[in-house]
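The values are calculated or read from the model by the stated rules, or taken from the named source; none is laboratory data. Computed from a prediction, not measured in an experiment: that's the story for all the values here. With ideal geometry, Cβ positions are generated from the backbone for all residues, glycine too; neighbour counts draw on all protein chains shown. Ligands, DNA and RNA are stripped out before the accessible areas are found, and what is left, the full protein with its side chains, is counted by its heavy atoms. Shrake-Rupley method; radii C 1.70, N 1.55, O 1.52, S 1.80 Å.
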Amino acid sequence: MWLLDKFLGRLIKRGRLAVTDADGTVYRYGDGDTDFPDVAVRLTEPGTARAIAADPRLGAAEAYMDGRMRVERGEIRDLITLIRQNQQWEKAGRLAPRGMLKRARQATRQRLDHFNWRRRSKRNVAHHYDLSDELFRLFLDEDMQYSCAYFEDPGMSLEAAQRAKIIHILAKLALKPGVRVLDIGSGWGGMALAIHRVTGGGVLGITLSEEQLAAARRRAADAGVADKVRFELADYRDVEGRFDRIVSVGMFEHVGPPNYSRFFRDCHNLLTEDGVMLLHTIGRIGVPNGTDAFTSRYTFPGSYVPALSEIVPASEKAKLMATDIEMWRVHYAMTLDHWYDRTRAARERIVELYDERFYRMWLFYLSGAGASFRYGGTCNYQIQYVRRRDAVPLTRNYLEQEKTRLRAIL
């Protein structure tokens, strides 16, 4: 416990944390600041403290999942918030040279892991997105949007904020009647269906998830638009043809840095000369860094959150012009708050579908992600691309006008 004690003593300066070791000894940290969470945890087995100290995030996650670490005051979201809030990204000092070297070595080791060839890409996607559709229905909005919502007002419902996200993205696409659209990473089909309602044109949605594919096709059939809104099990590297618009939401995180140049080159070739593309991705606020072990093992194997400095150079090589770049800072934290609360409310059903360990893993995943967006170095980027500089209006004034029009349709 002495190593974990030293670690927590340096980390927890604000708020309150009490840790009861397996032998009954209680260790206390923090200054009691009520603006920070007040949390108590109990380690139930010898060796748990050592496992957490050796690899804090993965060790704590597995201890919580296995029941070797129990949160007795507060809940797991409070514990992770307390830790993240004590090391808020903006307030951290500049990265020391040793830390930079460590991160560089870690990134180099993981680089091979991010060579997402077609077979590996499908396997990685299936690990997460081919979980039961019922699981996702339990915590997502009615439209099954599994990406960051857009809270134009903090008090918006999840459903309203996801609708606002779709409208915001469609406005940036500068849609026109009859345009042909490619949706890369089409999920459960909500974005593609919304685009068709606005344009009346054809939409091709591609995914590597068989569960999502089946659900999206059912939705298109039920809406009577299966002849216009098609969904295919396909990799972006295998798509042929030309499209007036390309949209990709929440998929770029699975491309991997070694494939960025190929991704943007393919998008350039698929986009018509006067076309518009909108890329929406989770991003890193600071410098490039590797994927943590918990995410790689339990939630998104093969995934990688890019820094803006990795995205733009790759698209520049493909001669795609970044005509609009927007950073969303806390919107995903607010989205994840809703998902976490809905997951907790659905505990009994999730345990029936899987087991208690899976349920706790899912809570840890949602808690960690939410804290990272609220206090850590994670954000969302929306980047609008064109091949021709006059493909979109010269000022951003058109966006609000277009959003007003879209609200009347969707």
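Observations, loosely collected:
- Residues within the stretch 366-410 that are open to solvent by less than 70 Å² (accessible area, probe 1.4 Å), assigned to a helix (DSSP H, G or I) and within 16 Å of Asp337 (Cα to Cα), tallied: 9
- Considering residues of the stretch 302-330 that are assigned to a helix (DSSP H, G or I) and in contact with a helix residue (DSSP H, G or I) (Cβ under 8 Å, 6 or more places away or on another chain) only, the residue surrounded by the fewest Cβ atoms within 10 Å (Cβ to Cβ): Lys317
- Filter pass, Arg57 being within 24 Å of Arg344 (Cβ to Cβ), of a type in the set (D, E, K, R) and open to solvent by 50 Å² or more (accessible area, probe 1.4 Å): yes
- Counted residues, the stretch 192-241 - those being among the small types (Gly, Ala, Ser) and out of contact with any Phe, Trp or Tyr (no Cβ under 8 Å at 6 or more places or on another chain): 11
- If you go through the stretch 175-193 and keep only what is open to solvent by less than 20 Å² (accessible area, probe 1.4 Å) and either among the small types (Gly, Ala, Ser) or modelled with pLDDT under 95 (or both), you end up with Ser186, Gly187, Gly189, Gly190, Ala192.
- In summary, Met361 fulfils each of the numbered conditions (1) surrounded by 15 or more Cβ atoms within 10 Å (Cβ to Cβ); (2) touching a Cys at 6+ places or on another chain (Cβ under 7 Å) with the single exception of condition (2).
- There is at least one residue in the stretch 148-171 that is in a helix (DSSP H, G or I), out of contact with any Leu (no Cβ under 7 Å at 6 or more places or on another chain) and open to solvent by 30 Å² or more (accessible area, probe 1.4 Å).
- Extreme residue, farthest from Gln88 (Cα to Cα), among residues of the stretch 1-32 that are outside any strand (DSSP E or B), of a type in the set (D, E, K, R) and within 31 Å of the chain's Cα centre (by Cα): Arg10
- Scope the stretch 271-287; condition open to solvent by 10 Å² or more (accessible area, probe 1.4 Å) and touching a Phe, Trp or Tyr at 6+ places or on another chain (Cβ under 9 Å); matching residues: Thr272, Ile282, Ile285, Gly286
- When Asp341, Asp337, Asp292 are checked against the criterion of being open to solvent by 40 Å² or more (accessible area, probe 1.4 Å), more than 16 Å from Leu58 (Cβ to Cβ) and under 15 Å from the mean Cα position of the chain (by Cα), a single residue qualifies: Asp337.
- For the stretch 194-231, filtering for residues that are out of contact with any strand residue (DSSP E or B) (no Cβ under 6 Å at 6 or more places or on another chain) and open to solvent by less than 30 Å² (accessible area, probe 1.4 Å) leaves 10.
- Hits in the stretch 42-54 - residues which are open to solvent by less than 80 Å² (accessible area, probe 1.4 Å), of a type outside the set (S, T, N, Q) and over 28 Å from the mean Cα position of the chain (by Cα): Leu43, Gly47, Ala49
- Test: residue in the stretch 238-249 that is part of a helix (DSSP H, G or I) and polar (S, T, N, Q): no
- Residue check, Tyr340 out of contact with any Phe, Trp or Tyr (no Cβ under 7 Å at 6 or more places or on another chain), under 19 Å from Leu131 (Cα atoms) and not charged (D, E, K, R): yes
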